[in-house]
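Each remark here refers to the structure printed beneath this line.
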Protein chains: 2
Amino acid sequence: MQIEMAANQLAELGHVTRLEIYRILVRAGHHGLAVSAIQEKLDIPGSTLSHHISRLVKVGLLSQTREGRVLRCQAQYQELERLIDFLSEECCKGCD
Amino acid sequence: MQIEMAANQLAELGHVTRLEIYRILVRAGHHGLAVSAIQEKLDIPGSTLSHHISRLVKVGLLSQTREGRVLRCQAQYQELERLIDFLSEECCKGCD
DNA sequence: AAAACAATTCGATATTTCTAGAAATATACT
DNA sequence: AGTATATTTCTAGAAATATCGAATTGTTTT
């Protein structure tokens, strides 16, 4: 993973609301959750939630699939894995 | 680790220049590097560099020790480990 | 004490991000 | 077609961040 991509993903996770969204979706499993279900858990305005979700989607940490009028969001586990790998590599280089 | 701390650290790593600073220091080993040595590698103004370093210090990802007129910066490996652990836990909950 | 060096703090500007209400879009139901 | 539901896009103000030159602080050397 190139450093720009890593920095972008880290920046998006570096906001409490977005990290909470991501955590909720990770824990929800591959099936994911509807936007409305996330909103119920977080209790924030829809426009704010939508803004944060779209940022996470933009960097590849989430995906969305439409099912009728419901949009389901899913964590992209492999992206987090790649990000963790990047951080781990950085960490272990130079470690005694 | 509580989510606010994780978000703070992620946000600080979520900037290309800071992530580069952190990577350089991780790879430099426990002994760390002087600010001036980092500056040579990155070629950015001192005031900008100082600003970014202080942000990384503030969230505990770096420490600094003065040696005469040189300030040496060191990566706090255990903080990155804790952050990675936080992310890994979030990831594996709900994973099939 | 003065000059040189390392790094930070100050100050100012430009840019981005956050938040949320209002309006718009997309889909489903009657 | 019209209404309800789900979600996004638009808009705008407030707050935070990024950048960097100039001034400042702390330390060493002469």
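General observations
- Considered as a group, the residues in the range B:69-86 that are free of Cβ contacts under 8 Å to residues at least 24 places away in the same chain and either surrounded by 18 or more Cβ atoms within 10 Å (Cβ to Cβ) or away from DNA strand D (no atom under 16 Å from the Cβ) (or both) include one that is nearest to A:Leu13 (Cα to Cα), and that residue is B:Ile84.
- Taken together, B:Gly60, B:Gly14, B:Gly32 contain a single residue that is touching a residue at least 40 places away in the same chain (Cβ under 8 Å), under 16 Å from A:Leu10 (Cβ atoms) and surrounded by 14 or more Cβ atoms within 10 Å (Cβ to Cβ), which is B:Gly60.
- Selection within the range A:17-29 - touching a helix residue (DSSP H, G or I) at 6+ places or on another chain (Cβ under 7 Å), more than 7 Å from chain B (Cβ to nearest Cβ) and surrounded by 19 or more Cβ atoms within 10 Å (Cβ to Cβ): A:Arg18, A:Ile21, A:Tyr22, A:Ile24
- Unique match (being within 16 Å of DNA strand D (Cβ to nearest atom) and more than 29 Å from A:Tyr22 (Cα to Cα)) among B:Arg27, B:Arg66: B:Arg66
- Qualifying residue in the range B:43-55 (condition: more than 12 Å from DNA strand D (Cβ to nearest atom) and modelled with pLDDT of 95 or more): no
The values are calculated or read from the model by the stated rules, or taken from the named source; none is laboratory data. As the structure is a computational prediction, the values presented were derived from the model and not from experiment. In this analysis, Cβ positions are derived from the backbone assuming ideal geometry, glycine residues included, and neighbour counts consider all displayed protein chains.
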